[in-house]
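The values are calculated or read from the model by the stated rules, or taken from the named source; none is laboratory data. Just so it is clear, the model here is predicted, and its values are computed rather than measured. Heads up, the Cβs are rebuilt from the backbone with ideal geometry, glycines too, and the neighbour counts pull from every protein chain shown. The accessibility values were calculated without ligands, DNA or RNA, using every heavy atom of the protein model including side chains. Shrake-Rupley method; radii C 1.70, N 1.55, O 1.52, S 1.80 Å.
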Amino acid sequence: MTQQIVHSRLAGREAAAGETPPDVRFIRVPSIAERKLGPDYTAPMRLDPRVLDKMQTTIRKLESKYGEALSAQVSMLQLLVEPAAKGDTEARGRLYALAHDMRGLAGTFGFPVAGRFANSLCIYLEKCLEEDWRDGSVIRLHIDAIREAVDNPGTDPALTMETLNALERLIAANGARWKDAG
Amino acid sequence: MTAQPTKAGPDFFRRLRVLVVEDSPEMQRLLTALLESMGVGDILIAHDGARGLAAFAAERPDIIITDGAMTPMDGLEMTRRIRASGAWDDANPDVPILMISGHAGRENVTHARDQGVTDYLLKPLSAEMLYEAIVAAVSRPIHFVETPFYRGPSPRRRLDARGTGE
């Protein structure tokens, strides 16, 4: 199987005044399935529910282990706040890395609310300034919310949303100050 | 008799070599376990974008699944380098790159598309999301544009993130 190539000068990088637009080629490469299976491949590829079942079983098996790990990670977050506020850069790095992991994994393993609070914490940490680290109050509020979500997963969703919205408003309120600081 | 569409199952996936570029050990474990349960035959792990780039050049994976935020080189920079035209004649520059990210903003998705990302998966990851993204990546013909500076999916196409980010 070969690539199909069509030459064009209509697309691609924007040309500056007086500059000739670069040549653009449009290329069609056969799909990976076509390349791997040759004539044995018949499109469109069909999803196999048994594969999805197996993947979901895999997640369920990992879920209980993750629940224990998550609880330990939240305890670690609580321990890291103080050294992070005192300027310990390693503690700050570990705190962000833990929150980043929770953002990525908690939702997959049945802790969606903890994942959302972790996501909010990551957004805050990605923007906050030295003074925010030193103050630490918004970070603590996030960690308390994560702890609550992990320990009491059945909390009223309306209350959870209210807490999440309040944290998001707190972050938004800092936006102008962060912008001024460049 | 009309041939049945090919099934996206272990018989096919065992032929695949997938490179996972991810710095979180927990996420590495999750992705490895999910790919194994699909039946993927060859799973390679790189811990950041720079190592991912080296593995891409040396191992010629069929698909790359990468995290967005990593240090010292993130998934976006790795993708940009892979899509740099003419830089990888001996590798597989047409490789689909699936990015997994916690950043749901339109500007984040657009930036990833502009670097040459094929598909954008929002955290939290689900089994269904990963399976469907991989099947889409392997079963669709690859339409690329090539300029003197770039070879990859069209930076002008519409790219929507998979998942809700919640």
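A search for C-beta distances below 8 Å between a residue of the stretch A:15-31 that is more than 12 Å from B:GLU146 (Cβ to Cβ) and any residue that is part of a strand (DSSP E or B) and at pLDDT 55 or above, counting only pairs 6+ apart in sequence or on different chains, returns A:PRO30/B:ILE142; A:SER31/B:ILE142. Just one of (1) open to solvent by less than 40 Å² (accessible area, probe 1.4 Å); (2) within 13 Å of chain A (Cβ to nearest Cβ) fails for B:HIS103. It is (1). Assess whether B:TYR131 counts as being touching a strand residue (DSSP E or B) at 6+ places or on another chain (Cβ under 9 Å), within 22 Å of A:GLU126 (Cα to Cα) and either part of a loop (DSSP other than H, G, I, E, B) or touching a residue at least 24 places away in the same chain (Cβ under 8 Å) (or both). No. Whether any residue in the stretch B:90-107 is more than 16 Å from the chain's Cα centre (by Cα), closer than 27 Å to A:VAL113 by Cα and of a type in the set (Lys, Arg) is what I want to check. Yes; the residues of the stretch B:90-107 include at least one that is more than 16 Å from the chain's Cα centre (by Cα), closer than 27 Å to A:VAL113 by Cα and of a type in the set (Lys, Arg). Beta carbons closer than 6 Å, at least 6 apart along the sequence or on distinct chains, pair a first residue in the stretch B:110-128 that is within 7 Å of chain A (Cβ to nearest Cβ) with a second that is in a loop (DSSP other than H, G, I, E, B) and open to solvent by less than 40 Å² (accessible area, probe 1.4 Å) for B:LYS123/B:GLY102; B:PRO124/A:GLY107; B:PRO124/A:THR108; B:LEU125/A:THR108.
Residues that are touching a Lys or Arg at 6+ places or on another chain (Cβ under 7 Å), among the small types (Gly, Ala, Ser), at pLDDT below 95 and over 23 Å from A:ASN119 (Cα atoms) do occur in the stretch B:40-57, at least one of them.
Only residues that are small (Gly, Ala, Ser) and facing chain B (nearest Cβ under 7 Å) were counted across the stretch A:30-65, and they come to 3. Against the test of being open to solvent by 10 Å² or more (accessible area, probe 1.4 Å) and of a type in the set (A, V, I, L, M), the options A:LEU47, A:LEU95 yield a single qualifying residue, A:LEU47. Residues in the stretch B:140-166 that are open to solvent by less than 70 Å² (accessible area, probe 1.4 Å), touching a residue at least 12 places away in the same chain (Cβ under 8 Å), of a type outside the set (Gly, Ala, Ser) and assigned to a loop (DSSP other than H, G, I, E, B): B:THR147, B:PRO155, B:ARG157, B:LEU159. Would you check if there is a residue in the stretch A:83-92 being surrounded by 23 or more Cβ atoms within 10 Å (Cβ to Cβ), touching a helix residue (DSSP H, G or I) at 6+ places or on another chain (Cβ under 9 Å) and part of a helix (DSSP H, G or I)? Yes, the stretch A:83-92 contains a residue that is surrounded by 23 or more Cβ atoms within 10 Å (Cβ to Cβ), touching a helix residue (DSSP H, G or I) at 6+ places or on another chain (Cβ under 9 Å) and part of a helix (DSSP H, G or I).
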